[in-house]
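J.: Before I ask anything, here is the structure I am working with.
The values are calculated or read from the model by the stated rules, or taken from the named source; none is laboratory data. Quantities reported herein were computed from a predicted structural model and do not represent experimental measurements. Cβ atoms come from the backbone with ideal geometry, glycine included; neighbour counts cover every protein chain shown. When the accessible area is computed, the model is the full protein with side chains, heavy atoms only, and any ligands, DNA or RNA have been set aside. Shrake-Rupley method; radii C 1.70, N 1.55, O 1.52, S 1.80 Å.
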Amino acid sequence: MILAAGLGERMRPLTDHTPKPLLEVGGRRLIEWHLAALARAGFREVIINHAWLGAQLPATLGDGARYGLRLQYSDEGESALETGGGIFKALPWLGPEPFLVVNGDVWTDFDHARRPQLDARALAALVLVPNPPQHPRGDFALRSGPERTDVVAEPEADAARYTFSGIGVYRPEFFAGCEPGKFPLLPLFRRAAAAGRLRGQLYQGLWFDIGTPQRLRELDERLGAGAVG
């Protein structure tokens, strides 16, 4: 699943008339980088949620055949359901097995074929990255054991913290007890971490959070110069 329903408030005026995932960087739409990466990793079915100016997404991307994918769309209406609510609404399409979710407003060269795997007790596994300048405190710590690496939501003060990349693998059971509507993922991360059922993987390759027009321009310039990608 690609999360593409955000309003993109900080990206205005670019997002006044164009959904954030359809903004171009490096000669292609931001979401098309994700579609290409998923196809390379062997995925064939992708759910895309949308809200703000959402009709532009299916109108632009179609059924996904040109990307080697089969696309379905989860329409959240005029008001996005936040990350948790958006995934929860799409669960009937995602099926009973673990599934991958990618934030549509990041750019990365992460190979989804190397996504974290879930052990028997894990409810979810997150890809973490070194903290970017705009988020120096990070989100979570990692605790490595002989057979697994746990995500720690409340680490010791001196523990190294990392930023959630927006890439994660989830079991449908991760959302047990949730109700339809708008809600974030963070409380669910904390619940799973407290139960010892949240795993993590550190990725130190290329990752950019496209949160402002300036960051979009900077990445576009780097891609144009061949500095990344």
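J.: Sort out which residues of segment 19-42 are of a type outside the set (A, V, I, L, M) and touching a helix residue (DSSP H, G or I) at 6+ places or on another chain (Cβ under 7 Å), and write them in order of number.
T.: If the condition is that a residue be of a type outside the set (A, V, I, L, M) and touching a helix residue (DSSP H, G or I) at 6+ places or on another chain (Cβ under 7 Å), then Pro19, Lys20, Pro21, Gly26, Arg29, Gly42 are the ones that fit.
J.: Pairs under 6 Å by beta carbon, first residue in contact (Cβ under 8 Å) with a residue 24 or more places away in the chain in segment 143-155, partner buried (at least 16 other Cβ atoms within 10 Å of the Cβ) and of a type in the set (A, V, I, L, M), six or more apart or different chains?
T.: Here the result reads Thr149/Leu142; Val151/Leu126; Val151/Ala193; Val151/Leu198; Val152/Ala141; Ala153/Ala193, each pair linking segment 143-155 to a residue that is buried (at least 16 other Cβ atoms within 10 Å of the Cβ) and of a type in the set (A, V, I, L, M).
J.: Here is a further query. Find all pairs meeting these conditions: Cβ atoms under 6 angstrom apart; at least six residues apart or on different chains; first residue within segment 24-35 and in a strand (DSSP E or B); second residue open to solvent by 30 Å² or more (accessible area, probe 1.4 Å) and not small (Gly, Ala, Ser).
T.: As it stands, the answer is Val25/Asp220, since those pairs meet every condition given.
J.: Being open to solvent by less than 60 Å² (accessible area, probe 1.4 Å), closer than 17 Å to Phe140 by Cα and touching a Leu at 6+ places or on another chain (Cβ under 7 Å) is the filter here, so list the residues in segment 171-198 that pass it.
T.: Hits for segment 171-198 are Phe189, Ala192, Leu198.
J.: Only one of (1) open to solvent by less than 60 Å² (accessible area, probe 1.4 Å); (2) closer than 23 Å to Val106 by Cα; (3) not in a strand (DSSP E or B) fails for Ile167. Which number is that?
T.: The failed condition is (3).
J.: Can you find a residue in segment 6-17 that is among the aliphatic types (A, V, I, L, M), modelled with pLDDT of 95 or more and surrounded by 18 or more Cβ atoms within 10 Å (Cβ to Cβ)?
T.: no
J.: Somewhere in segment 150-168, is a residue in contact with a helix residue (DSSP H, G or I) (Cβ under 7 Å, 6 or more places away or on another chain) and closer than 16 Å to Val102 by Cα?
T.: no
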